[in-house]
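All remarks here apply to the structure that follows.
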Amino acid sequence: MSNINFLFANEVVGNDAVIKLMDGKLTVYKRPKTMQWQCRFKLANGKWHSATTGTDDIEQAKIQAIAIYETTKIKVSAGLAPVAKTFKQIATEELACMRRALNASSGKRTYIDYEFAINKYLIPFFGEYEVGKITVDVVADFEAWRIAMMGKVPKASTKRNHASAYNRVINLAREKGMIGVNQAVPLLDAKGQRSTARPAFTNEEVRELLSYLETWQKSSYTDRTALMRTLCGEYIQFLLYTGARHGTEVLPLRWMHMQWHWVGNRRYLRIWVSGKTGPRYLIARKELIAVLERLIKWQRLDYRNLSAVIEARLDKLVFRLPTGEQISNMENIFRNLMTRSHLRKDASGLNRTLYSLRHTYATQALTKGIDIHTLAKQMGTSVGMIERHYSKMTATMAAEKLA
């Protein structure tokens, strides 16, 4: 390195020149429309490594290029990454990759969950760390920080989701040579408390809940409160009669997503929903038809009945106020109903939420003898999930057959 100047001749070099150094192992060149010289060479793993020399002077660029070449060789031979990037820089690239896949309809539905985890938790905490310098202590600090941010210990499913998203970023960093061959980057803990089934309503409690809706709506202090409670009441019945997921599947629902499904001369209401596990059709219970026709009248839609709306393929949200506004605090309104109706807690003391209606649907379906494979397709979940949450129930309900 001390005698490298003899390698260089003092000729005038044009901007479009490509200069070979170190027996052709090192190339110095300029990119179009750039002033500074770049250098490029192949690493021991066969991948190309490029860097800027930081100067527009060719003689200085040659010296700097050889310095970069020698320094990088030492790093690679020691198992270190030749360049360093922050977690945020790599995560941003991974987010872009997943978004391109989703836009091209080739990405998995879980990519949406990974995007949320990366933006909400991983970048805010790990963002400024160099990926190769994340240690066990840093990961432990993240675990404590996440609990503080969430206000609770995350469930196993949440931890698995975060760990998978984190692994995608780390794997991309390895692919790009940002983590050395011999560098070990600690992974996130993917284990946690197992999810438990949400509390359901008994059949008697369902009847009590539905009969209380009118009283609850009439006790509203303002006209707007009365409107929101009326919409919430219809929303509750939709969840009870379909088993769909609150929020992600139901709030974006439009009238055009409904159609009649004929089996022989019998007619069934089929509804297209899209949520956590992708799009699917579900079959609604017949009680839902009256609920939807009340909504049509309440929203002052210019159609006689549900059949007319379906035929028109009306492109309007189903769950909105007569003004066209969609409310975003359905969970809070439901919580008020639970408190006022004294149905807030189940027999074991667990608080009921809108997701309890989905659990109620599953319980009622199994009680009627619907098999778990059909139920899993209807609810957009796996047979394994049904078995984990309802295996004891199905065995008990089949006691007569089993005995």
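Can we say residue 179 is outside any helix (DSSP H, G or I) and buried (at least 16 other Cβ atoms within 10 Å of the Cβ)? Before the answer, list the steps.
On the way: outside any helix (DSSP H, G or I): yes; buried (at least 16 other Cβ atoms within 10 Å of the Cβ): yes.
Taking the combined requirement at face value, the residue satisfies it.
Please list, ordered by first then second residue, the pairs with beta carbon atoms under 7 Å, 6 or more apart or interchain, first in region 208-225 and under 18 Å from residue 298 (Cβ atoms), second of a type in the set (Val, Ile, Thr) and assigned to a helix (DSSP H, G or I).
That search, which allows pairs on different chains as well, returns 217/230.
What is the one condition in (1) surrounded by fewer than 12 Cβ atoms within 10 Å (Cβ to Cβ); (2) in a helix (DSSP H, G or I) that residue 120 does not satisfy?
Result: residue 120 fails condition (1) only.
Looking at the structure I just gave you, is residue 241 part of a helix (DSSP H, G or I), touching a Phe, Trp or Tyr at 6+ places or on another chain (Cβ under 6 Å), in the same structural domain as residue 328 (by TED's automatic domain parsing) and under 22 Å from residue 307 (Cα atoms)?
Numbers: part of a helix (DSSP H, G or I): yes; touching a Phe, Trp or Tyr at 6+ places or on another chain (Cβ under 6 Å): no; in the same structural domain as residue 328 (by TED's automatic domain parsing): yes; under 22 Å from residue 307 (Cα atoms): yes.
Spelling it out, it is not the case that residue 241 is part of a helix (DSSP H, G or I), touching a Phe, Trp or Tyr at 6+ places or on another chain (Cβ under 6 Å), in the same structural domain as residue 328 (by TED's automatic domain parsing) and under 22 Å from residue 307 (Cα atoms).
Counting only residues that are part of a helix (DSSP H, G or I) and touching a Lys or Arg at 6+ places or on another chain (Cβ under 8 Å), which one in region 146-176 is surrounded by the fewest Cβ atoms within 10 Å (Cβ to Cβ)? Before you say what the answer is, go through the steps one by one.
To start, the set of residues in region 146-176 that are part of a helix (DSSP H, G or I) comprises 146-150, 156-175.
In the following step, the residues that additionally are touching a Lys or Arg at 6+ places or on another chain (Cβ under 8 Å) were identified as 156, 159, 162, 173.
Numbers: 156: 14, 159: 19, 162: 26, 173: 26.
Top of the filtered list is 156.
Quick check on region 84-127: of everything there that is of a type in the set (Lys, Arg) and within 12 Å of the chain's Cα centre (by Cα), which residue is nearest to residue 141 (Cα to Cα)? Give the steps one after another, and end with the answer.
From region 84-127, those of a type in the set (Lys, Arg) are 85, 88, 99-100, 108-109, 120; that's our starting set.
Subset that is within 12 Å of the chain's Cα centre (by Cα): 99, 108-109, 120.
Numbers: 99: 29, 108: 30, 109: 29, 120: 16 Å.
Only one residue fits best here, namely 120.
Going by the conditions given, is residue 399 over 23 Å from residue 216 (Cβ atoms), at pLDDT 80 or above and of a type outside the set (Lys, Arg)? Explain how you work it out, then say what you get.
On the way: over 23 Å from residue 216 (Cβ atoms): yes; at pLDDT 80 or above: no; of a type outside the set (Lys, Arg): yes.
So residue 399 does not fit the description; no.
Just give me the residues in region 355-390 being in contact with a Gly (Cβ under 8 Å, 6 or more places away or on another chain) and among the small types (Gly, Ala, Ser), in sequence order.
Correct list: 362, 365, 380.
Just to verify a result, which residue in region 132-145, among those that are out of contact with any Leu (no Cβ under 9 Å at 6 or more places or on another chain), of a type in the set (Val, Ile, Thr) and assigned to a helix (DSSP H, G or I), is surrounded by the fewest Cβ atoms within 10 Å (Cβ to Cβ)? Explain how you work it out, then say what you get.
Looking only at region 132-145, we keep the residues that are out of contact with any Leu (no Cβ under 9 Å at 6 or more places or on another chain), and these are 133-138, 140-141, 144-145.
Retained after the next criterion (residues that are of a type in the set (Val, Ile, Thr)): 134-136, 138.
Filter once more, so that each one left must be assigned to a helix (DSSP H, G or I): 136, 138.
Numbers: 136: 11, 138: 14.
Restricting to residues being out of contact with any Leu (no Cβ under 9 Å at 6 or more places or on another chain), of a type in the set (Val, Ile, Thr) and assigned to a helix (DSSP H, G or I), the top hit is 136.
Looking at (1) of a type outside the set (Lys, Arg); (2) surrounded by fewer than 15 Cβ atoms within 10 Å (Cβ to Cβ); (3) in contact with a strand residue (DSSP E or B) (Cβ under 6 Å, 6 or more places away or on another chain); (4) farther than 17 Å from residue 170 by Cα, can you tell me which one residue 128 breaks?
It fails just one condition, (4).
Working only within region 336-354, note down all residues that are in contact with a Pro (Cβ under 9 Å, 6 or more places away or on another chain), among the hydroxyl-bearing types (Ser, Thr, Tyr) and surrounded by fewer than 16 Cβ atoms within 10 Å (Cβ to Cβ).
Of everything in region 336-354, just one residue is in contact with a Pro (Cβ under 9 Å, 6 or more places away or on another chain), among the hydroxyl-bearing types (Ser, Thr, Tyr) and surrounded by fewer than 16 Cβ atoms within 10 Å (Cβ to Cβ), namely 348.
Quick one: residue 281 ticks every box in (1) within 28 Å of residue 113 (Cα to Cα); (2) assigned to a loop (DSSP other than H, G, I, E, B) except a single one, so which number is it?
Every listed condition holds for residue 281 apart from (2).
Kindly list, by first and then second residue, each pair from a residue in region 274-295 that is closer than 30 Å to residue 105 by Cα to a residue that is part of a strand (DSSP E or B) and small (Gly, Ala, Ser), limited to pairs with Cβ atoms under 8 Å and residues at least 6 apart or on different chains.
Close Cβ pairs satisfying both conditions: 280/274.
Somewhere in region 182-197, is a residue over 30 Å from residue 326 (Cα atoms), hydrophobic (A, V, I, L, M, F, W, C) and part of a helix (DSSP H, G or I)? Talk me through it step by step, then tell me what you get.
If we filter region 182-197 for residues that are over 30 Å from residue 326 (Cα atoms), which is where we start, we get 182-196.
Now drop any that are not hydrophobic (A, V, I, L, M, F, W, C), which leaves 184-185, 187-188, 190.
Imposing the further condition that a residue be part of a helix (DSSP H, G or I) reduces the set to none.
No, that holds for no residue.
Would you mind stating whether residue 222 is over 30 Å from residue 112 (Cβ atoms) and of a type in the set (Val, Ile, Thr)?
Values: over 30 Å from residue 112 (Cβ atoms): yes; of a type in the set (Val, Ile, Thr): yes.
Spelling it out, residue 222 is indeed over 30 Å from residue 112 (Cβ atoms) and of a type in the set (Val, Ile, Thr).
Within region 242-262, identify whether any single residue is touching a Leu at 6+ places or on another chain (Cβ under 9 Å) and within 17 Å of residue 336 (Cβ to Cβ), and answer yes or no.
yes
Would you pick out the residues in region 6-54 that are at pLDDT 80 or above, surrounded by 11 or more Cβ atoms within 10 Å (Cβ to Cβ) and out of contact with any strand residue (DSSP E or B) (no Cβ under 7 Å at 6 or more places or on another chain)?
22, 34, 54
The values are calculated or read from the model by the stated rules, or taken from the named source; none is laboratory data. As the structure is a computational prediction, the values presented were derived from the model and not from experiment. Quick reminder, even Gly has a Cβ in these numbers, built from the backbone with ideal geometry, and neighbours come from all protein chains shown.
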